[in-house]
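Chemist: Just dropping this structure here.
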Amino acid sequence: MGKVLQYGALTTKIRAMRGKLITKTEYQKLAEANSVSEFVENLKKYENYKEVFEDIEPEAIHRGEMEKLLTYSIYKDYSKIYRFANMKQRNFLKLYFMKYEVSVIKRAIRGLNYEDSQSYFDKAEVIFTEYSDIDVSGVYNASSIEDIINALKGTIYYEPLMKASEYAGSSIFDYEMALDVFSFKYLWKKRRQFKGRELKSITEFVGTDIDLLNVMWIYRAKKYYKLKSAKIYELIIPVNFRLKNEQIKALVEAADDSEFMSVLEGTLFGKYFKEPLNSSDNLDKTYNQVIHKLSSKEFNLAPYSLACVNTYLSEKSKEILRLIKIAESIRYGYRSDVIIAEIM
């Protein structure tokens, strides 16, 4: 009864928000648009996106603008949940916001060579800065990686990026990996402030995320970057959940794809990765499917817990990725059935 009283209002709010997420049938209709402008016009019919796109001329929208507006939609939903949450729930939400902060810093690093990178935020910055200590203007006005790091002084991201900058020949990849490894180690440590069902749910979410990302990073490091084992070990998030140390070592040391797959099949995640080792896109798709299944399972098992928050925000992020994918596929002239097969 205590959990129902504690989470009743928040769970009810989130269930109402989940009811407004786009369904498979609605995705199919959106994918049938003949142009990106028609896609935007159709998207504006949905309550969640009507306000987001209200001042936009659909004919003039481009990918960068699309991502910016859809990101604004995520922050808006986060803000709605935060304002509805109690103190303990807000503590979890503050930790969850790290995902958005890391994403923002990565985008700024990647956008150093693009003139329009500074315009990424606009009105989304108002919401973002309400929940973050990051100097967004400083980060996005930076003209070098050194400027970005200096703009992050006083935040938890300064030290890991400074350490990354000391590597000889530090690349965008090095900085992104430093952020990812740090953020997951930080989340894994901070989860201990929660107890009981909350701790169990957060451990399941974060631990599974770490295991899956380690599998994907090891595979990509071997397949696409041809990195040596010693370098790959540096990239791994040093947290063990379902994957054992010996299994990680065997994946890193695998001589080829066949041996890698053989080792992976012996883990708890093997059943999910039987086919997707053909491309990077398929790896991402499988990762999203596993996270979605876990979120849905946790929400069904414990609707009156932090699982309701994590599930909705995960589903919302997945919806945004799907919408971006649909828009890009329409732009390149793909058939609607091909688009749906790709995103679902």
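Chemist: Between Arg220 and Lys244, what is the label-to-label distance in nm when each label sits 7 Å out along the Cα-to-Cβ direction?
Modeler: Rounded to a tenth, the inter-label distance reads 2.8 nm.
Chemist: Binning at 5 angstrom from zero up to the longest distance, how are the C-alpha pair distances of the range 97-194 distributed in percent?
Modeler: 2, 13, 24, 25, 19, 10, 4, 1, 0
Chemist: Work out Dmax and Rg for the range 150-275 from the C-alpha atoms and quote the Rg first, both in angstrom.
Modeler: Spelled out, the Cα radius of gyration and Dmax of the range 150-275 are 16.0, 46 Å.
Chemist: What's the local net charge at Val263, with K and R +1, D and E -1, over the other residues with C-beta under 10 Å away?
Modeler: Net local charge, Val263 excluded: -3.
Chemist: Per DSSP H run of n ≥ 4, the term is -39500 (n - 2.57); total these for the chain, divide by its residue number, and report the mean residue ellipticity at 222 nm rounded to 500 deg cm²/dmol.
Modeler: -21500 deg cm²/dmol
Chemist: Hey, what's the Kirkwood Rh for the range 1-54 if you take every pair of different alpha carbons, in angstrom?
Modeler: Roughly 13.1 Å, rounded to one decimal.
Chemist: What does the extension gain come out to for Glu234 and Tyr167, with contour length at 0.36 nm per residue minus their alpha carbon separation?
Modeler: Result for the pair: 22.9 nm of gain on full extension.
Chemist: Quick one: compute the contact order of the chain, relative version, from alpha carbon pairs under 8 angstrom and 6+ residues apart, as a percent.
Modeler: Answer for the chain is 23 percent.
Chemist: Continuing with the same structure: Taking the dipole about the Cα centre of the range 97-194, with the C-beta of Lys and Arg at +1 and of Asp and Glu at -1, give me whichever of Ile149, Val181, Ser132 is farthest to the positive side.
Modeler: Looking along the dipole axis, the top candidate is Val181.
Chemist: Which of the three applies to the chain, rounded, prolate or oblate, going by the alpha-carbon gyration tensor with a ≥ b ≥ c and a/c under 1.5 meaning rounded?
Modeler: Rounded, since a/c falls under 1.5.
Chemist: Given the C-alpha atoms of the range 298-344, compute the convex hull and give its volume per residue in Å³.
Modeler: Per residue, the Cα convex hull of the range 298-344 comes to 60 Å³.
Where a number appears in this text, it was derived from the coordinates with a stated rule and is not lab data. Because the structure is a prediction, the values reported are computed rather than measured. Positions of Cβ are generated from backbone atoms using ideal geometry, with glycine treated the same way; all protein chains shown enter the neighbour counts.
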